[in-house]
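Notes for the one structure printed next.
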Amino acid sequence: MINRKLVRIVLVLFYKNILVLSYLFLFSFILFSFLLLVYINTFICNMDIITREKILLLYGSEYGTSYDCCRNILYELCTNFDVHFFCLNDINLMKFYNYENIIIIVSTTGYGCPTHNMSKFWINLYKCNNIFHEDIYFHLFGLGDSSYDNYNIVAKKLKRKLISLGGNIVNYSLGNYQHSSMHFTNFNTWKNKVYSFLKKKYYNFEINNTIPQIYNITNLSDYDKINNDKHMSEFLPTYDNIKKCNEKNKNKIEKKYDDFNVNEYFTKSLKLNKFEVIKNKRLTDVTYFQDVRYIELATSIEIFNLSSLITIHPTLDKDKTKSVLNLLKINYNEYIIINQPNKNATCTMSTYIPIGKKIKVLDLFVYFLDLNKIVTPFFFIYLSERTNSDLHKKKFLQLGNTNDISDYFSYVYQYKRSYYDIFYDFYSYINIDIPFLLNTLPNIMNRNYSILNDSNKYRFLKNLNLYNLYHFYLNPYYSNFLYYLKIYFCNNMKTLTNFFLYIMCNYTQISTYKYINILKNKIKPNQVNNVIELLICLYQTEINPNKKHIGLCSNYLINSIEGSSFIYATIENSLLFQNKNIWNLNYRIVYISTGAAFSSLLAVIRQRFHIYNSKKKEQKNENLINSKIKNISENDLLFLGFRNKLNNFYFEQELQNYLHFIHIFIAFSQQPDDNFLYYNHEFLKNIENNNPNLNDNFCSTTDHNNISNKNLFNKSVSEMKEFLKDKKKIYVTDLISMLQNIIYDLLIKKNTIFLVAGKSRPFSQNLFKLLANIMKEKEPNKTIEEINLFLKKKIDKFEIIFESWY
């Protein structure tokens with residue numbers, strides 16, 4: 001019995017132990033399985049980030065609409081794809097072969113021109129003969145306005161060119177600002193097709209509709225100081241920061257990153273050139289509604305092509321930015337470090353944002369984030385997540401609804417409301433911080449202006465100090481040469497036994513070294529101080545009696561201060577540079593321009609005049625009659641349209657120098673009397689009356705009458721005035737109509753180039769139609785379609801060049 005009981009006890013204990021061990025084993029297995037799943041999931045997530053498909057996202061944008069459309073796609077795809085986001089000028093065509101999917105959004109600007117930030121790409125594309133593979137998929141969207149000529153012509157030409165290179169365009173559409181929903185309906189439809197294609201091609205991903213997290217931010221504020229300061233305590237940030245770290249760790253982080261230095265960052269990291277404002281002169285009266293400035297910028301750039309553009313990086317107004325940041329309860333004096341990319345989003349982009357630099361919050365906004373830009377709808381979707389008010393949440397969602405843009409159009413677009421305006425209106429109902437703004441605001445985009453200089457117009461700095469007075473009269477290369485001669489002379493003088501000469505030599509050498517130190521200090525930052533000339537008109541649109549929309553860059557330049565303002569910019573070629581025959585005197589140039597747009601053409605006039613004078617001097621020196629030198633019957637023609645002579649006749653005195661080289665006709669649209677001026681005739685008549693001994697540069701009135709007798713324009717000056725007398729207002733197009741016979745002759749000649757500068761609508765459009773009508777009148781057998789095709793071919797060949805804008 002005892003043995004049985006013992007056996008039973010042993011068996012019971014055994015079974016219990018087995019049960020416990022089983023439970024332990026099961027628990028261990030479950031725990032192991034859970035840890036294994038976590039590991040596998042983490043590994044898969046990491047692999048997902050590493051192996052995400054690459055997408056190339058490109059834009060060509062003048063005023064930011066295409067850029068905003070691309071940003072919208074970037075934010076929605078960055079959590080699922082490795083998105084490479086660039087403007088078209090920043091990408092090499094050969095890089096296309098590295099991607100399966102290329103998304104391109106382009107705008108048409110001016111009179112059917114590509115935007116400035118895709119101009120280099122445009123030229124390279126048309127030179128390209130490479131064939132794209134079938135497995136490179138292009139998704140192309142164009143932005144344009146059907147009320148303009150050449151509606152969406154850039155997107156259409158881009159499509160044709162890509163197809164000719166074997167490009168496989170799987171999604172293509174056009175957006176029209178004149179549509180009742182603007183471009184948004186077509187854009188959304190096209191975008192959804194792109195996403196559907198990507199889902200079928202790869203996997204069924206979820207579109208990111210939450211606030212984008214492209215950048216991470218580390219806050220380097222002195223929190224002890226903030227906590228002790230009642231005024232500053234309200235600025236405590238809501239995002240992850242270094243407050244959790246001790247002071248030692250904080251110091252380590254600060255030492256790890258360099259401070260943001262404006263000059264170093266723009267010149268070294270962004271490869272921009274530094275320009276100093278040395279002249280800012282208002283050309284119009286202070287009472288006049290237009291603020292037009294003549295600005296001179298000193299630069300170290302020695303050589304650039306004639307008729308170039310200066311691409312300027314503007315900045316925001318500091319006081320206005322401080323004001324709005326205060327309203328948003330953001331401490332603009334704190335320092336942060338921006339890190340990119342966020343682990344949940346993978347993207348590569350060309351951005352001006354300083355990554356890994358210790359930067360002041362105010363500097364981040366002023367130099368890089370465009371609060372002055374008109375708000376895009378998707379920003380309101382993100383804003384709806386940062387309000388506690390149900391009423392305002394609903395309002396933001398309505399403003400962000402691109403399927404029904406009535407609220408957005410009436411509140412934002414119609415009144416050109418910027419991010420500044422939105423924050424002023426809603427600051428008390430939203431809770432936003434620096435990471436939110438950094439990840440949702442657009443970057444400041446560069447702006448382009450025409451340079452007035454010709455090759456003979458570069459001048460050196462003139463400031464009232466010894467170095468610059470000397471430097472102004474001597475080319476720096478020559479002064480450098482004199483310096484070496486002087487040192488060499490002084491070294492030789494040391495061998496002289498004459499004590500007096502030896503003392504003089506030492507004194508001269510000491511003085512020379514002092515002067516050289518001044519030279520070194522001045523020349524090091526700016527090797528050669530050339531001066532670039534600009535004509536800037538403040539862009540402003542009156543929204544209502546209490547509000548004006550002011551252009552960021554023009555306002556930035558006009559408010560620059562002589563001697564203390566620095567501008568960061570680059571120089572690039574303009575469309576004018578595409579036709580090298582502009583500098584050929586065997587070609588005749590017809591200039592047509594209105595207002596301050598004349599600055600686009602002035603450099604060409606100056607340079608052709610310089611070439612003309614140089615050849616004329618050669619001709620005199622050789623006592624030869626050179627048939628290549630133009631006579632007055634082959635002079636260029638300049639047609640200008642201004643509002644009135646008092647405020648708008650820019651460069652009036654300078655144009656007098658060109659009257660023997662170019663015929664100048666001017667219309668003053670807002671001037672009731674003397675609203676037409678044939679400048680050559682008027683000026684020569686005044687000179688003859690006041691000074692019978694005319695300068696050799698000008699033909700006499702008698703010569704002018706002889707030329708008139710030859711019927712240069714088939715009209716005398718009196719007949720021209722008779723033609724225009726019944727018009728209440730005279731515009732530059734009226735002058736073209738007045739001389740339509742010679743205009744027609746020049747249009748059909750191969751050695752004539754038309755250069756046009758002015759707004760796309762109505763000026764450029766009306767001018768194109770006028771040229772077509774002139775040809776139709778002279779060639780009635782041709783259809784208007786044939787004539788338009790003829791003119792457009794001349795545009796494609798850069799025989800007619802429009803320097804226009806919206």
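The values are calculated or read from the model by the stated rules, or taken from the named source; none is laboratory data. Note that the coordinates shown come from a computational prediction; the quantities given were computed from them, not determined experimentally. For neighbour counting, all protein chains shown are included, and Cβ atoms are generated from backbone atoms with ideal geometry for every residue, glycine included.
Taking Ile301, is it within 15 Å of Phe368 (Cβ to Cβ) and in contact with a strand residue (DSSP E or B) (Cβ under 8 Å, 6 or more places away or on another chain)?
no
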Residue set Asn305, Asn326, Asn261, Asn273; condition out of contact with any Gly (no Cβ under 9 Å at 6 or more places or on another chain), at pLDDT 95 or above and either over 30 Å from Asn647 (Cβ atoms) or basic (Lys, Arg) (or both); output residue Asn326
Scanning the range 768-786 for residues that are in a helix (DSSP H, G or I), under 17 Å from Asn741 (Cβ atoms) and out of contact with any Phe, Trp or Tyr (no Cβ under 7 Å at 6 or more places or on another chain) gives Leu770, Leu771, Ala772, Asn773, Lys776, Glu777
Considering residues that are closer than 23 Å to Thr210 by Cβ, β-branched (Val, Ile, Thr) and within 27 Å of the chain's Cα centre (by Cα), the number found within the range 358-391 is 2
_Kindly evaluate Gln656 against the criterion of being at pLDDT 60 or above and assigned to a loop (DSSP other than H, G, I, E, B)._
no
Going through the range 541-554 in order, the residues found to be in contact (Cβ under 8 Å) with a residue 12 or more places away in the chain and farther than 20 Å from His116 by Cα are Thr541, Ile543, Asn544, Lys547, His549, Ile550
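From Tyr413, Tyr427, Tyr367, Tyr419, which residue is in contact with an Asp or Glu (Cβ under 8 Å, 6 or more places away or on another chain), among the aromatic types (Phe, Trp, Tyr) and within 30 Å of Tyr539 (Cβ to Cβ)?
On the way: Tyr413 fails: in contact with an Asp or Glu (Cβ under 8 Å, 6 or more places away or on another chain); Tyr427 fails: in contact with an Asp or Glu (Cβ under 8 Å, 6 or more places away or on another chain); Tyr367 fails: in contact with an Asp or Glu (Cβ under 8 Å, 6 or more places away or on another chain).
When all the criteria are applied, what remains is Tyr419.
Scan the range 403-417 for residues that are surrounded by fewer than 19 Cβ atoms within 10 Å (Cβ to Cβ) and not acidic (Asp, Glu) and jot them down. Spell out the reasoning first.
We begin by selecting, within the range 403-417, every residue surrounded by fewer than 19 Cβ atoms within 10 Å (Cβ to Cβ); these are 403-404, 406-407, 409-411, 413-416.
Answer for the range 403-417, where residues must be surrounded by fewer than 19 Cβ atoms within 10 Å (Cβ to Cβ) and not acidic (Asp, Glu): Asn403, Ser406, Phe409, Ser410, Tyr411, Tyr413, Gln414, Tyr415, Lys416.
Condition check: part of a helix (DSSP H, G or I), of a type in the set (D, E, K, R) and closer than 19 Å to Ile211 by Cβ. Does Lys394 satisfy that?
The answer is yes for Lys394.
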Selection over the range 392-419 where residues are touching a helix residue (DSSP H, G or I) at 6+ places or on another chain (Cβ under 6 Å), touching a residue at least 24 places away in the same chain (Cβ under 8 Å) and either of a type in the set (Lys, Arg) or farther than 15 Å from Phe378 by Cβ (or both) yields a count of 1
The correct count of residues that are part of a strand (DSSP E or B), at pLDDT 85 or above and closer than 24 Å to Leu602 by Cα in the range 541-573 is 6
Exactly one of Asn186, Asn241 is surrounded by 14 or more Cβ atoms within 10 Å (Cβ to Cβ), at pLDDT below 70 and in contact with a Ser or Thr (Cβ under 8 Å, 6 or more places away or on another chain), and that residue is Asn241
The residue from Phe790, Phe763 that alone is outside any loop (DSSP other than H, G, I, E, B), more than 22 Å from Asn635 (Cβ to Cβ) and modelled with pLDDT under 90 is Phe763
Whether any residue in the range 599-617 is modelled with pLDDT under 85 and farther than 19 Å from Trp583 by Cβ is what I want to check. no
Taking first residues from the range 653-668 that are in the same structural domain as Phe723 (by TED's automatic domain parsing) and second residues anywhere that are of a type in the set (Gly, Ala, Ser) and crowded, with 22+ Cβ neighbours inside 10 Å, the pairs with Cβ under 8 Å that are 6 or more apart or on different chains are Ile666/Gly641; Ala667/Gly641
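I need the helices (runs of 4 or more DSSP H) fully contained in the range 717-760, keeping only those with at least 3 residues that are within 27 Å of Tyr111 (Cα to Cα). First the steps, then the outcome.
Working: elements: 717-724, 732-738, 740-748.
Where helices (runs of 4 or more DSSP H) fall fully within the range 717-760 and carry at least 3 residues being within 27 Å of Tyr111 (Cα to Cα), they are 732-738, 740-748.
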Scanning the range 260-314 for residues that are of a type in the set (A, V, I, L, M), out of contact with any Phe, Trp or Tyr (no Cβ under 6 Å at 6 or more places or on another chain) and not in a strand (DSSP E or B) gives Val262, Leu270, Val286, Ile301, Ile303, Leu306
